[in-house]
1. Exactly one condition in (1) touching a strand residue (DSSP E or B) at 6+ places or on another chain (Cβ under 6 Å); (2) surrounded by fewer than 23 Cβ atoms within 10 Å (Cβ to Cβ) is not met by TYR183; state its number.
2. Can you name the residue in segment 11-62 that is of a type in the set (Ser, Thr, Tyr) and in a loop (DSSP other than H, G, I, E, B) and is also nearest to LEU267 (Cα to Cα) among such residues?
3. Provide a single number: the residues in segment 155-170 that are under 19 Å from the mean Cα position of the chain (by Cα), open to solvent by 20 Å² or more (accessible area, probe 1.4 Å) and of a type in the set (Gly, Ala, Ser).
4. ASP100 - would you say it is without any contact (Cβ under 8 Å) to a residue 12 or more places away in the chain, over 24 Å from LEU206 (Cα atoms) and open to solvent by 40 Å² or more (accessible area, probe 1.4 Å)?
5. Filter segment 167-191 down to the residues that are out of contact with any Leu (no Cβ under 7 Å at 6 or more places or on another chain) and either over 20 Å from ILE3 (Cβ atoms) or part of a loop (DSSP other than H, G, I, E, B) (or both) and list them by number.
6. Just to be sure, is LEU95 of a type outside the set (S, T, N, Q) and under 22 Å from LEU211 (Cα atoms)?
7. Between a residue in segment 178-205 that is in contact (Cβ under 8 Å) with a residue 40 or more places away in the chain and any residue that is aliphatic (A, V, I, L, M) and not in a helix (DSSP H, G or I), which pairs come within a Cβ distance under 6 Å, given they are 6 or more apart or on different chains?
8. Can you name the number of the only condition in (1) within 26 Å of ALA134 (Cβ to Cβ); (2) surrounded by 15 or more Cβ atoms within 10 Å (Cβ to Cβ) that THR191 fails?
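The values are calculated or read from the model by the stated rules, or taken from the named source; none is laboratory data. Here the structure is a predicted model, which is why all the values come from computation and not from measurement. Here the Cβ positions follow ideal geometry from the backbone for every residue, glycine too, while neighbour counts run over all protein chains shown. To get the accessible areas, we keep the full protein, side chains included, count just its heavy atoms, and leave off ligands, DNA and RNA. Shrake-Rupley method; radii C 1.70, N 1.55, O 1.52, S 1.80 Å.
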Amino acid sequence: MLIDSHAHLFNEDFQNDLRGVIHRARESGIDAIVVPGTTLETSREAVELAEKHDFLFACVGYHPHEASRATDENLAEIERLSSHEKVVAIGEIGLDFHYDFAPRDKQQHVYKSQLDIACRRDLPVVIHTRESTAEAIQAVREVVEQSPKWQLGENGGEAKRGVFHCFSGNADEAKEVFALGFYVSYGGMVTFKNSKALETLQTLGLSRVLLETDSPYLAPVPMRGKKNEPANMIHTAKKISESFNIPLDHVAEITSRNARMLFGLKLPFTQPAARQ
């Protein structure tokens, strides 16, 4: 069974077919879906979706594109919302220096504020980076130095501090992330012809890797150019299976175990769905 660790099911693209999207996900072998918010409003929507389905889980936070909208009051409400039993992380947070939809100093302030929320709540984070990987890692390093007990396992065990989603960094940057107690996640980009993501993933192995769709974005081949949805994650998993020359079930087992560990997912028992 697979876990889609990042899908924006509240997106307006799904409003007329959300029931179908969820049905197709379950039929394709998706055991759980994590839904990250991007604003206070969508964070609330993510929580509402998670309340309705026991295999959906929510994250709450402000995306860097929305940083200009994140007032102190909004961030305080994000922190309050994070106490909901179906909230498993603070996210989607981070830095985006490609589009710069919000001033960089504002992005950095909101990012750091939400990292601090995660530390206070002892929750993992879901981090977005675009042309900002080094800066995002440095901010995390500073927080870890200030709060070394944040998201440590029992008896000081392996840290589970968060995930750099749709990871676009190189292998050396990924190893920095791992050393700080983070995971990385990959989606449809590993199927793209000119992407270096699969090459990086082959260097890293799967021990600290999650899978995702980033729905409705980044649909994998052969669905590229279409609206993405969680059911399409099977194409990403199959590509990795073929590339590593290991069984598909092995890819699912490792990446799903990582997602369960990171987010502390409590999943209902379900019979495995037949794979197509």
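1. The one condition TYR183 does not meet is (2).
2. Residue satisfying both the conditions and the ranking: SER28.
3. Summing the residues that are under 19 Å from the mean Cα position of the chain (by Cα), open to solvent by 20 Å² or more (accessible area, probe 1.4 Å) and of a type in the set (Gly, Ala, Ser) in segment 155-170 gives 1.
4. yes
5. PHE167, SER168, GLY169, ASN170, ASP172, GLU173, LYS175, GLU176, ALA179, LEU180, GLY181
6. yes
7. Pairs that qualify, where the first residue is in contact (Cβ under 8 Å) with a residue 40 or more places away in the chain and the partner is aliphatic (A, V, I, L, M) and not in a helix (DSSP H, G or I), are TYR183/VAL163; TYR183/LEU210; SER185/VAL163; SER185/LEU210; GLY187/LEU218; GLY188/LEU218; GLY188/ALA219; THR191/VAL221.
8. Single failed check for THR191: (1).
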